[in-house]
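Contents: one structure, followed by commentary.
The values are calculated or read from the model by the stated rules, or taken from the named source; none is laboratory data. Source: prediction; values computed, not measured. Methodologically, a virtual Cβ is constructed for each residue, glycine included, from the backbone with ideal geometry; neighbour enumeration extends over all protein chains shown. The accessibility values were calculated without ligands, DNA or RNA, using every heavy atom of the protein model including side chains. Shrake-Rupley method; radii C 1.70, N 1.55, O 1.52, S 1.80 Å.
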Amino acid sequence: MAKTLKSVLADAGIPMDFESGGQAPETLTDREITREPHPRVQKLKDIFMESLSSASNEFPYWYTREYMLHDSEVPVIRRAKALKSAFSHSTPVIFPGELLTMRKAPYVRGSFPMPWLSEGFYMAKEDEFYQEALKRGSASVDEHSKFGQGGGNVPQSFGKVISIAGKFGIRQEEVPALLKLAKLWFGKSVDDLGNKYEQMVPGYETKEKIMRNIVCMFDSGFTLPQGREVINYYYPLEYGFDGIIKIAKEMKAKVAGRADGDGMVGMNRLYNYEAVIHVIEGVQNWILNYAKEAARLEALETCARQKKEYREMAERLEWIAHNPPRTFIEAFQMIETVHIAALNEDAISGLAPGRIGQVLYPYFEQDIAAGRITEDEVIELLELDRVYKTSIDCFASVGVVGGVLSGNTFNTVSIGGLDKNGRSAVNRLEYLILEAGATNAMPQSTLALLYDEKLPEDFLMLAMEVIKTGAGYPAFMNTPIAQEFLVNQYGHEGMDSEEARAWAIGGCLETSPCTWKPLHLNGREYWIPGGAGQPTSVGVHFVSMPKVLELTLFNGIDQNTGEKVYEPHNRSLDTYEALEEQFKKYWKETVGVLTLTNNIQHDIWRKNNMAIFSSLLKPDCLDNGHLINELGYRYNATFNVESTGTITFVNSMAALKKMVYEDRELNLEEMKTALKENFGFRDAHEINSFSLADQEKRDDSDNRWDKLHFKALQSPKYGNDDHYADSILLEWENFFCPDCKNYESLYGHTMYPCQISVSTHGAMGSATIASPDGRLSGTTFADASLSAYPGTDKNGPFALLNSATVWDHSMSQNCQLNIKVHPSAINGHEGAKKLLDLTRAYMRKGGFHIQYNIVDSKVLKAAQEHPENYRDLMVRVAGFTQYWVEIGKGVQDELIARTEYEGV
Amino acid sequence: MEKLTYRDTRNYAPIDVTKGMDLLTREIVMADAEAPEGYEPIPKCKLCTNFTGTDTFMGTCEASMNEPKFIAYPDMVATTCEMYQAM
């Protein structure tokens with residue numbers, strides 16, 4: 001049997017110890033705290049657990065049919081009518097026991113394709129459209145992305161179910177129509193039309209090669225054009241849908257025929273308000289169809305209690321279809337409805353509900369005071385919400401849903417933070433949100449705790465107890481750091497410190513601009529926070545730093561495919577400075593061309609596929625008459641440049657600096673040969689394992705690279721409070737963050753950095769040869785942007801925190817640090833207290849984000865061997881939690897390999 | 001009278017593409033299993049007078065305003081279609 005790296009190193013007396021700060025118990029250790037949801041919730045959760053991701057043609061059918069009918073209409077009206085028809089014809093499905101309802105499609109985990117965005121990726125592989133997508137590079141990453149084979153994923157066809165896009169099942173009866181609908185959009189989708197024009201960008205050929213070779217993970221404008229933002233529920237809550245229609249009608253009369261000084265788009269306001277009315281009418285029809293279905297079920301029902309619940313549901317839906325909600329449950333149903341409606345308008349991941357504990361507090365406070373609801377009933381609703389949110393699937397390509405999202409859709413709820421006046425914003429409802437996160441631990445909504453020194457201690461300790469359930473949430477995000485970033489980035493659009501306090505996390509980890517609005521309920525006024533900015537994590541998606549380094553070392557040629565990605569630099573790279581300089585040149589070339597091509601994709605999107613429903617929710621569109629595409633949102637400087645593999649890059653540069661340029665133990669050519677030879681190991685794909693320790697020696701290996709490989713592995717590593725490696729991180733951040741300002745989005749604003757990996761460290765590692773830090777070909781990169789590479793952080797957690805805070809986190813919209821802790825390390829009250837101390841220490845040092853995986857690595861190994869016994873095992877991947885069985889093998893291996901802290 | 005599968009009845013709530021809940025018994029049932037006698041058929045294009053077509057999975061909606069008439073497929077649920085005309 002071939003030797004693994006772990007055994008090779010052990011033979012050489014070099015420990016590859018992935019446990020830090022002690023030794024884990026030999027037996028499998030479960031999480032200390034486990035809780036159960038209400039029986040009603042458990043039943044619905046059980047249904048969810050058995051449900052498959054299922055795609056439906058219904059929404060795209062009605063959308064396409066109506067859209068094709070109005071080819072001479074003004075684009076925004078044409079789209080509005082199509083959306084109205086699609087919403088109006090969506091089939092309602094309600095299950096007994098539900099108190100809240102409305103779903104994306106007529107299944108528990110229903111979703112649908114949007115061929116008006118992109119249609120090639122879900123065609124059969126032999127289809128010309130799919131082949132075209134491969135050529136463009138937009139499908140290349142699919143080949144390196146893997147879904148988990150279990151849970152609700154449908155990776156293979158069976159019976160009358162056809163697997164599409166590697167995850168979703170669709171009935172065979174719907175497949176011919178699915179393909180016919182897709183072909184109707186050929187040449188018209190954002191993908192196709194955008195591609196026609198992006199080819200006019202100088203350097204487009206390089207862009208194609210960048211995508212094909214997975215230097216960049218995916219395009220922006222036609223994949224997930226919206227999301228990673230905070231929704232705003234204010235207008236429906238304050239005015240109701242009839243009230244919004246009334247506003248739109250009044251505004252139409254005011255703006256019809258008037259430019260009001262804006263000769264470019266002033267006249268468009270009339271069409272925009274008209275479009276808003278169409279879309280709301282569609283959403284109202286959709287809600288009323290659910291109301292009718294609830295009434296129909298009431299008539300069928302024999303159980304008196306269930307009959308009453310159906311009747312109350314029907315009445316609630318009939319009310320909120322027209323009016324502002326009056327009670328907590330009506331308000332909850334309203335925000336649930338608005339959320340799903342926004343998700344159905346576009347392909348979206350990361351539509352965060354935001355600070356719903358503060359948005360719903362007025363209803364909670366008044367209902368509790370009036371005895372209309374109990375705290376236990378509120379927790380039950382919050383638990384139900386977790387079932388609904390976890391059921392949200394997003395239909396996109398394998399590369400996007402599998403390679404990036406790991407199937408998650410990031411409907412993040414934020415808790416804590418400050419109120420408008422700078423006091424702690426924590427309220428009683430937010431304690432219950434935390435409680436429900438423990439009693440019904442499910443991947444969504446993940447919780448983001450907006451940390452501030454002013455937050456109450458018992459709230460923070462409750463958060464620690466929830467973390468101990470192993471749910472992976474809440475993550476901690478640093479309010480002062482976020483505020484500093486927001487004022488710097490959006491100051492020119494009016495962001496000030498008071499407005500910055502309204503912030504929340506969009507997507508999994510994106511600092512999003514928000515605002516305060518005055519909600520009125522029974523004569524009282526409450527200032528509630530909500531999103532006010534465009535989508536974030538749009539623009540330049542995930543650029544692989546280790547891949548750019550590979551291309552730098554090899555004169556622009558990808559070592560996996562042999563393709564010349566960049567023009568050769570033909571430099572000898574004989575100094576570290578020359579290497580660094582050339583890396584930055586290729587980096588800038590990459591970001592530069594991707595900015596331009598993605599700008600074109602988004603520009604096509606905004607011309608034909610603009611958000612109407614999402615726009616009407618966001619301040620200040622209803623006031624100014626402009627939708628997202630005409631800068632109607634208050635904050636528009638949201639486009640970013642995303643990086644992946646930061647720490648693998650930093651460690652690689654440290655190894656090169658030390659071994660090649662300073663100690664001169666070998667020359668650069670010898671290092672390149674070793675990388676090409678993968679240090680004598682087989683490629684990770686050959687053994688289907690993607691963590692470093694499991695890699696196997698080639699049978700023909702003569703061990704000639706062993707010494708060099710050992711040294712590479714032992715060269716200075718980030719995460720040990722070692723200035724040698726940390727200074728390289730500092731240097732990178734001081735280049736990268738300001739460099740983003742050199743690129744301009746289609747909305748005329750400069751960009752900023754986004755430093756989260758989501759799951760891209762798996763797929764991008766899969767496409768990258770060995771790196772100078774000793775990482776082997778095809779294995780994952782270090783996760784996130786500030787997590788240590790597995791097994792390399794040997795000086796304890798506080799050393800890791802010191803390394804992570806070597807740079808100013810407020811220069812970036814985010815950064816990410818994941819730490820894996822063995823459950824026994826934080827046992828009891830004292831353990832929770834230690835975890836809080838560690839977290840607080842990081843926040844005080846200026847760290848932006850930290851989160852914990854409380855899990856025994858042995859449990860993960862057992863789950864990989866026997867997934868059938870671990871359907872409900874959850875793990876924190878990056879900025880999100882996911883069911884283990886729904887995660888691809890590469891990321892599973894990386895999660896097992898992460899350093900496990902046995903003490904904090 | 002032709003037997004109905006669960007997925008062709010209104011007494012069935014689809015959980016996913018393979019199974020759903022019998023709303024009368026609360027049992028989880030397979031979508032293609034035979035439904036008990038007397039279960040109400042759910043409106044689908046294949047039961048509508050406006051649907052034409054001989055292909056197993058494709059056809060045309062004669063009620064559409066599009067020119068040429070827009071596609072339809074027999075299996076599509078039509079409970080929300082205002083043009084639905086039961087045969």
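Some notes on this structure:
- Distance from region A:33-99 to region A:449-505 (C-alpha centre basis), Å: 32 Å
- Here r is the Cβ-Cβ distance between A:Phe158 and A:Ala2 and R0 is 25 Å; the resulting FRET efficiency, rounded to 0.05, is 0.10.
- Peptide-level mean, for A:48-58, of C-beta atoms on other protein chains within 10 Å: 3
- Neighbour net charge for A:Ser614 - beta-carbon separation under 12 angstrom, K R +1, D E -1: -2
- Global form of region B:43-87, assessed from the alpha-carbon gyration tensor, a/c cut-off 1.5: oblate
- Mean-position separation - Cα centroids, region B:1-60 and region A:304-345, in angstrom: 27 Å
- Net charge contributed by nearby residues that have their C-beta within less than 10 Å of B:Asn50 (K/R +1, D/E -1): 0
- A:Asn853 long-range amide H proximity, modeled H, under 5 Å: A:Ile819, A:Lys820, A:Val821
- Rounded if a/c under 1.5, otherwise prolate or oblate - chain A, Cα gyration tensor axes: prolate
- Share of carbon and sulfur in the accessible heavy-atom surface of the protein assembly as shown [1.4 Å probe, %]: 51 percent
- Reachable lysines from A:Lys607, criterion Cα separation under 17 angstrom, eight or more residues apart if same chain: A:Lys81, A:Lys188, A:Lys196
- Region A:663-718-region A:807-872 distance, computed between alpha-carbon centres (Å): 30 Å
- Listed cross-link partners A:Lys104/A:Lys246; A:Lys672/A:Lys717; A:Lys517/A:Lys834; A:Lys711/A:Lys861 are compared with a 31 Å cut-off, the Cα-Cα value being larger for A:Lys517/A:Lys834.
- Each residue was assigned an accessible area with a 1.4 Å probe, and for A:Lys834 the value is about 100 Å².
- The packing ranking, built from the mean of other Cβ atoms within 10 Å per residue, places the peptides B:44-55, A:49-60 in the order A:49-60, B:44-55, highest first.
- Of the residues B:Tyr39, A:Tyr310, ranked by 1.4 Å probe accessible area with the largest first, the sequence reads B:Tyr39, A:Tyr310.
- Trypsin sites (Lys or Arg not before Pro) restricted to DSSP loop in region A:309-385 with at most 14 other C-beta within 10 Å: A:Arg372
- Cβ crowding within 10 Å averaged over residues, with A:408-415, A:839-846, A:884-891 ranked highest first: A:408-415, A:884-891, A:839-846
- A:Glu662 versus A:Ala12: modelled label distance in nm, points set 7 Å from Cα along the beta carbon direction: 2.0 nm
- Calculated mean residue ellipticity at 222 nm for the protein assembly as shown: -12000 deg cm²/dmol, from DSSP H runs with n ≥ 4 weighted as -39500 (n - 2.57), summed, divided by the residue count and rounded to 500.
- Remark: mean inter-chain Cβ contacts per residue of A:167-180 equal 4, using a 10 Å Cβ-Cβ cutoff to other protein chain atoms.
- Under the span-like rule (Cα at least 27 Å along the axis, Kyte-Doolittle mean at least -0.5), DSSP H helices of chain A: A:268-300
- Region A:760-890 shape via C-alpha gyration tensor axes, a/c threshold 1.5: oblate
- Accessible area that becomes buried as B packs against A, both chains, 1.4 Å probe, Å², nearest 100: 3300 Å²
- Candidate cross-link partners of A:Lys254 among the aspartates and glutamates, defined by an alpha-carbon separation under 14 Å and a same-chain spacing of 8 or more, comprise A:Glu274, A:Asp623.
- Heavy atoms of the protein chains alone define the surface here; on that basis the protein assembly as shown has 32 Å² accessible area per residue at 1.4 Å probe size.
- For A:Asp458, the shell of other residues with beta-carbons less than 14 Å away shows a net charge of -1, using +1 for Lys and Arg and -1 for Asp and Glu.
- When nucleic acids and ligands are ignored and a 1.4 Å probe is applied, A:Ser445 ends up with an accessible area of around 0 Å².
- Dividing the mean sequence gap of close Cα pairs (under 8 Å, 6+ apart) by how many residues chain A holds gives a relative contact order of 18 percent.
- Dipole size of chain A about its Cα centre, with +1 on Lys/Arg Cβ and -1 on Asp/Glu Cβ: approximately 1400 debye, rounded to the nearest 20.
- Take each residue of peptide B:7-16, count the partner chain Cβ atoms within 10 Å of its Cβ, and average: the result is 6.
- Peptides A:108-116, A:494-502, A:658-666 ranked from most to least packed by the mean count of surrounding Cβ atoms within 10 Å: A:108-116, A:494-502, A:658-666.
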